[in-house]
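The structure appears below as structure tokens.
The values are calculated or read from the model by the stated rules, or taken from the named source; none is laboratory data. Just so it is clear, the model here is predicted, and its values are computed rather than measured. Backbone-built Cβ (ideal geometry, glycine too); neighbour counts: all protein chains shown.
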Amino acid sequence: MSLKTVEDIAVRGKKVLVRCDFNVPMDDDGNITNDNRIVGALPTIKYLVGEGAKVILCSHMGRPKGEFNMKYSLAPVAKRLSDYLGQTVKMAEDVVGESAKALTATMADGEVVLLENVRFHAEETKNVPEFSKQLADLAEIFVNDAFGTAHRAHSSTAGVADYLPAVAGYLIQKEIEIMGGALDNAERPFVAILGGAKVKDKIGVINNLLNKVDTIIIGGGMAYTFSKALGGSIGDSLVDEERLDYAREVMALAKEKGVNMMIPTDNVVADDFSNDANQKVCNTLEIPDGWQGLDIGPETTKAFSDAIKNAKTVIWNGPMGVFEFENFAKGTIAIAEAVAEADAVTIIGGGDSAAAVTNLGFADKMTHISTGGGASLEFLEGIELPGVACLEKK
């Protein structure tokens, strides 16, 4: 898919509405604690400013449920953006009201205005056409640069595209080109690592990747469903009883397609779901009652790492265990190290994997870390994202 981008449309002197993802974490005093998403939006904003566009930024923050709540105001974002851009980012007191209309009506070329949280309007998440039209009336061009919300058909992510020429910002362009390139034209061997708690969250991803990869590695809580499907005893480990047949079918299908599907052979198990629980290593198929698997074991870690080291393309989505507990994070850390050291195109599919890689200090060793958890999952499933589908193609 070749999308039109900000470079494919004349923006000088034009009012350009840019949907960003400024949903940044803040402390109780309203201080931003991590501004990665703001930094991620800067290339597109700086390009538009440099080209003499009148830049109108919008985003959501948290879940205010359609009502004004100062706790979810984007005012701290305007201040941080002003610091990064070296110019004042004017803050509207509303989204489509008198303040927004007044500020955007008198903009000079290269000026930047940030609208208040779009989710202060219940119409935003319902993608109400009238609200989309009011938002679109503020501008002449729409740029979507919020990949993290591209899987949502909201007014500010897709609805406005019904009324304005719509193109991609640099962030969405990068996500689509790198992840799309990996899925459609991967250098081989192509290894996918899937972790996390629930099988049902990854069914679409597994089904899609079975037709594209050479190896699928299954870890995390969902691996125990596969173990039980093989006839193993998994003690008190997490299991999705309703997906046991699916697990058997998908393992058989992988074999039929010549895909190497790897599940753990040993696990670190605990007698309680806590960091300080008693722990031991045991065979994945022989976990005793009263014990639950919380991490992959050393034998599995080596096997998974060896497969990753030989790969030329790696996609990783989901941790290998309960990595929030320091005593059960070794598997996830080892896999992060293996991916970081691989001589391969390495893509981290947002969410917990992205957090783990970043927290462990491996971020700069990855080819790409997706900015969207849910969006990257749906993209890996092969689902068309509304916030991307609405953009013009080259």
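Condition check: touching a helix residue (DSSP H, G or I) at 6+ places or on another chain (Cβ under 7 Å), at pLDDT 95 or above and either within 24 Å of ALA186 (Cα to Cα) or of a type outside the set (Lys, Arg) (or both). Does ALA356 satisfy that? It would help to see each step written out before you state the result.
On the way: touching a helix residue (DSSP H, G or I) at 6+ places or on another chain (Cβ under 7 Å): yes; at pLDDT 95 or above: no; either within 24 Å of ALA186 (Cα to Cα) or of a type outside the set (Lys, Arg) (or both): yes.
Taking the combined requirement at face value, the residue does not satisfy it.
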With the condition being surrounded by fewer than 24 Cβ atoms within 10 Å (Cβ to Cβ) and out of contact with any helix residue (DSSP H, G or I) (no Cβ under 8 Å at 6 or more places or on another chain), I'd like the helices (runs of 4 or more DSSP H) fully within the stretch 213-320 carrying at least 2 qualifying residues. 244-257, 298-309
With the requirement that a residue be touching a helix residue (DSSP H, G or I) at 6+ places or on another chain (Cβ under 6 Å) and closer than 28 Å to LYS212 by Cβ, what does the stretch 321-334 give you? GLY321, PHE323, GLY331, THR332, ALA334
Could you please give the count of residues in the stretch 351-377 that are assigned to a loop (DSSP other than H, G, I, E, B), over 9 Å from the mean Cα position of the chain (by Cα) and not aliphatic (A, V, I, L, M)? 3
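Considering only the stretch 329-350, how many residues are under 21 Å from GLU175 (Cβ atoms) and either in contact (Cβ under 8 Å) with a residue 40 or more places away in the chain or part of a loop (DSSP other than H, G, I, E, B) (or both)?
7
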Are any residues in the stretch 163-185 within 21 Å of ALA53 (Cβ to Cβ) and in contact (Cβ under 8 Å) with a residue 40 or more places away in the chain, and if so, which ones? LEU164, PRO165, ALA166, VAL167, ALA168, GLY169, TYR170, LEU171, ILE172, GLN173, LYS174
Any residue at all in the stretch 58-73 that is touching a strand residue (DSSP E or B) at 6+ places or on another chain (Cβ under 8 Å), at pLDDT 95 or above and in a strand (DSSP E or B)? yes
The stretch 39-79: number of residues that are buried (at least 17 other Cβ atoms within 10 Å of the Cβ) and of a type in the set (Lys, Arg): 1
Checking GLU326 against (1) under 27 Å from the mean Cα position of the chain (by Cα); (2) within 20 Å of ALA197 (Cα to Cα); (3) surrounded by 18 or more Cβ atoms within 10 Å (Cβ to Cβ); (4) in contact (Cβ under 8 Å) with a residue 24 or more places away in the chain, which test does it fail? (3)
Are any of the residues in the stretch 50-73 among the basic types (Lys, Arg) and in contact with a Lys or Arg (Cβ under 6 Å, 6 or more places away or on another chain)? yes
Given the structure, is THR157 in a helix (DSSP H, G or I) and modelled with pLDDT of 95 or more? no
Restricting the search to the stretch 167-178, which residues are surrounded by fewer than 22 Cβ atoms within 10 Å (Cβ to Cβ) and under 22 Å from PRO319 (Cα atoms)? ILE178
Pick from the stretch 103-161, criterion basic (Lys, Arg) and under 22 Å from ALA375 (Cβ atoms), ranking: surrounded by the fewest Cβ atoms within 10 Å (Cβ to Cβ): LYS126
